[in-house]
1. What is the number of the single condition among (1) at pLDDT below 80; (2) within 16 Å of ligand 2 (Cβ to nearest atom); (3) among the aliphatic types (A, V, I, L, M); (4) surrounded by 20 or more Cβ atoms within 10 Å (Cβ to Cβ) that Val12 does not meet?
2. Does any residue of the range 151-173 turn out to be free of Cβ contacts under 8 Å to residues at least 40 places away in the same chain and under 20 Å from the mean Cα position of the chain (by Cα)?
3. Name the single residue, out of those in the range 68-90 being more than 16 Å from ligand 2 (Cβ to nearest atom) and among the hydrophobic types (A, V, I, L, M, F, W, C), that is modelled with the highest pLDDT.
4. Got a sec? Which of Ala55, Ala65 is within 16 Å of ligand 2 (Cβ to nearest atom), at pLDDT 50 or above, more than 12 Å from Asp100 (Cα to Cα) and part of a helix (DSSP H, G or I)?
Amino acid sequence: MKNDINKIENEVVHTVAQENSYNTVEVDYLKQEIQDYGFVVIGPPRIGKSLLLNAVTGADLENKASIDSVTQDVTAVRRDASFYDEKTKTTYKRAVVFYDTPGIEHWGKFEDQIEFFAADKIIISYMICLAPGCFAESAKLLQLAKILSEQHVYVQLIITDMYRGNRQQFTAVLDAFKDIALKCLWNKKSEEIDLKERDVKITFDKGMIISVNSMEFEHEAFDIVKEQKNIQEMIEIMFTSIDKNKIAGLFTAIMNNRNFFKKAWHKVQGIVTEVMPFVSKVVDQIMYTGLRIFKNFVDDLIEQK
Ligand SMILES: Nc1nc2c(ncn2[C@@H]2O[C@H](COP(=O)(O)OP(=O)(O)OP(=O)(O)O)[C@@H](O)[C@H]2O)c(=O)[nH]1
Ligand SMILES: [Mg+2]
């Protein structure tokens, strides 16, 4: 099966390469890049981005309750995944890489941060985080979500530290996310909202809205303790949402993201449609590989708990 994948991959990338006269170094780069699936966590400072990644991956990223920003640089958390294929007796390797980012304080420079990721990484999903009572420029977030969903990047709108602040502050974040989702995440697929419990799960074709509590929450004054919430659910939704279209989108995103592809984006789009019979074969194979990896990954995470 691996040979088949290589053969088909070769056909696709060479067809694309020939049409665009890209050299083999670039083509090899493209093939290599399909190995990693990136997830980027972004949002304002001090809202629990690092804590969320710790909860998802079991990593130990620095986080603390302070006024000053804690995460100063982009930090990658890499989780290798592999699966053994009985038929070919081959182990396939892929990696999932989560990028923790410094909180966005200057929304004017926001584009620079996004540009960093558009440059040379294969990003399959953005995890856009807001917590009750935090400050963010919703127009910028909307703009980002639009670009991402056009490029088939899966958009997760996450209400972090869900028990923080008062009910109005929680609802304000939810409303901001709903507005973004309605404008760019296409059809709603399911909705579960319990405002009293602040429990929100809404899924769309191109993303989701979910509220999470990454670590036990204590409110001393009211003697309230809340358990970790919706982390497992979030992981399951995000991995089961990586469907055929998204992997096909990954191809286009890879091409779109690279500078040399960038300049001929409309051309590339046409070519992708032309080579679609090949692409869809590759997509089937990658899906086969990808889904097992994601399943292993989810199983591992569930086991770790
Ligand atoms: N109980 C609870 N506390 C949280 C949660 N999320 C954030 N906090 C609190 O907020 C603090 C900051 O969390 P971080 O993960 O460092 O926040 P950040 O968004 O990464 O912050 P910067 O890196 O400075 O941008 C944590 O140390 C917790 O005290 C949550 O889900 N539950
Ligand atoms: Mg942080």
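The values are calculated or read from the model by the stated rules, or taken from the named source; none is laboratory data. Owing to the predicted nature of the structure, the values given are computational and were not obtained by experimental measurement. For neighbour counting, all protein chains shown are included, and Cβ atoms are generated from backbone atoms with ideal geometry for every residue, glycine included.
1. The one condition Val12 does not meet is (2).
2. no
3. Quick first cut of the range 68-90, residues more than 16 Å from ligand 2 (Cβ to nearest atom) only: 78-90.
Imposing the further condition that a residue be among the hydrophobic types (A, V, I, L, M, F, W, C) reduces the set to 81, 83.
Details: Ala81: 57, Phe83: 48.
For the range 68-90, the residue satisfying everything is Ala81.
4. Values: Ala65 fails: part of a helix (DSSP H, G or I).
On inspection, the qualifying residue turns out to be Ala55.
A quick yes/no check of all residues on (1) within 16 Å of ligand 2 (Cβ to nearest atom); (2) in contact with a strand residue (DSSP E or B) (Cβ under 8 Å, 6 or more places away or on another chain); (3) in the same structural domain as Phe39 (by TED's automatic domain parsing):
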site: Leu144; (1), (2), (3): no, yes, yes
site: Ile147; (1), (2), (3): no, no, yes
site: Ile158; (1), (2), (3): yes, yes, yes
site: Gln168; (1), (2), (3): no, no, yes
site: Asp175; (1), (2), (3): no, no, yes
site: Trp186; (1), (2), (3): no, yes, yes
site: Glu192; (1), (2), (3): no, yes, yes
site: Ala221; (1), (2), (3): no, no, yes
